[in-house]
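The values are calculated or read from the model by the stated rules, or taken from the named source; none is laboratory data. This structure is a prediction, so every number in the text was calculated from the model and none was measured. No Cβ is skipped: glycine too gets one built from the backbone with ideal geometry, and neighbour counts run over all protein chains shown. The accessibility values were calculated without ligands, DNA or RNA, using every heavy atom of the protein model including side chains. Shrake-Rupley method; radii C 1.70, N 1.55, O 1.52, S 1.80 Å.
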Amino acid sequence: MSAPRPPLLLPLVHTCAALLATGCLLGILGSGLAERGIAVAFGALVVLGEVTRWTGAEGREAAPLGAAAALSYALLGESGGEPTQHGVAQVVGVVLAASLLGSVPHIARGRPVLDHLARRVLTVGFAAACFQPLFNQGTFHGWGTSYALLLLAILALTTLCDALLAAALAHARTRWPFGPLLRDELRATLGVGSAVCATGAVMALAVAVVGLWALPVFSLPLLLTQMSFRRYAAVRTTYRQTIASLARATEIAGYTPVGHARQVAALSREVGRDLGLSEAELTVLEHAALMHDIGQLSLVDPVPAGATAVLPVEEQRRIALLGGAVVRQTGVSPQVAMVVERLADPGPEQPLAARIVRVVNAYEEKARDAGPGGSLKALEELRLSAAGDYSPEVVGSLARVLSRDCLTAPVAG
């Protein structure tokens, strides 16, 4: 099976960002850097934001301080009551240089930064192009209170464009459905994105009145918020590690093959993505998949290779109910327990997460024991059973995921 052709959107976005950055840098080299003190102050704040950037929940790169500083510089028209002289080219050039400098630690750790830098250049360039030419022409002179609302409107529009760009890049890289990706980006924007917009607007307005002394004052709350989100991300990571440790109980006891729960959880998440589940739903799905076999601990005699898909329906239902009861005792989300309890219900009555785990678990068990060509044999068996035991929609999604990712039969452990 040949790998899918690489999407054209990625090089297109990167090329546009590179052309914009190159043009702006050449413009700075030709005309020189205006108001170096202001440029250095905002550049230093962007560097600080990039250095403290972390991989947030659901894998999103979060740098709210760097984003707020960059957007504030793009919307800066005055400093201490005096008009500024920088334009669009200098805004993009300074932000790009500062972002590259702040990304050095991430590059050294092997973290990808190309998409992040492309988004930063394009969004800051968009905001600066919307504001700087009109401000320099005196269009906004005498607007009063409406001026602050204008800044917020430009920032909101810029944030929306960034969410569209982030969803498009993620869709191009992963081939996951664009709609759910955009929905998750917009939902995340309502949280940290709102703080970024508010802080960016306030910093631009404050610097216009009192000068650069406003930068540390108004950036401190966002920096503290960023630190709080990092602690929250650490708690979520610990929580998931706890669930993974509980899921290994069946492997340690010899009831299931080593790595089976992790394989089912990873493939279930891919199928959930293909079917358009949100990030919150994917988290529940992944946790339920990790713990789907925990009810086997109640069995006196282990099922050979932990293959519950071949058991009678009543035995499957008993194991599922016992598993749900165990999950509820561990303090895990009740939604996870509900999915585990309903793994053996009739197909049409199951929630989508339970249908996904059931199909993926059966596929992994069948493919593991089928030898060469096990993936195709397992999928064929699931398709033949789709009208009864397994959801045709989920089976079709599983086939798409396997075909798209060029996966072979999963190997336990």
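Here is how the numbers come out for the structure above:
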| quantity | calculated |
| --- | --- |
| For Leu212, net neighbour charge (Lys/Arg +1, Asp/Glu -1) across residues whose Cβ lies under 14 Å away | -2 |
| Convex hull projection area averaged over all views, segment 40-174, Cα basis, nm² | 8.6 |
| Cα Rg, Dmax (largest Cα-Cα span) when computed across the chain, Å | 26.0, 82 |
| Inter-label distance for Leu164 and Glu35, nm, one decimal - labels placed 7 Å from Cα along Cα-to-Cβ | 2.9 |
| Fraction of the pair-distance distribution of segment 225-269 above 16 Å, Cα-Cα pairs, percent | 51 |
| Nearest-20 debye value, the chain charge dipole, Cβ charges on Lys, Arg, Asp, Glu | 520 |
| Selected from Leu101, Leu26, Leu275 as most flexible by GNM, with the chain as the system and alpha-carbon contacts under 10 Å | Leu26 |
| Net charge contributed by nearby residues that have their C-beta within less than 12 Å of Tyr255 (K/R +1, D/E -1) | -2 |
| Label point distance in nm, Glu393-Leu101, each placed 7 Å from Cα along Cα→Cβ | 5.2 |
| Value of [θ]222 nm, deg cm²/dmol, for the chain, DSSP H segments ≥ 4, -39500 (n - 2.57) each, nearest 500 | -23000 deg cm²/dmol |
| Two-site label geometry, Trp143 and Thr238: point separation in nm, points 7 Å out along Cα→Cβ | 4.6 |
| Net charge of neighbours whose Cβ lies under 13 Å from the Cβ of Val104, counting Lys and Arg as +1 and Asp and Glu as -1 | +2 |
| Accessible carbon and sulfur surface of the chain relative to its total accessible area, %, 1.4 Å | 65 |
| In sequence order, calculated HN-Hα J values of segment 264-279 (Karplus, 6.51, -1.76, 1.60; Hz; x Gly/Pro) | 5, 5, 5, 6, 4, 5, 5, 5, x, 4, 5, 8, x, 5, 6, 4 |
| Segment 216-360: Rg to Rh, with Rh as the Kirkwood radius over Cα pairs | 1.08 |
| Accessible surface, the chain, averaged per residue in Å² (probe 1.4 Å) | 46 |
| Modelled FRET efficiency - R0 30 Å, Leu8 with Glu314, Cβ distances, 0.05 increments | 0.05 |
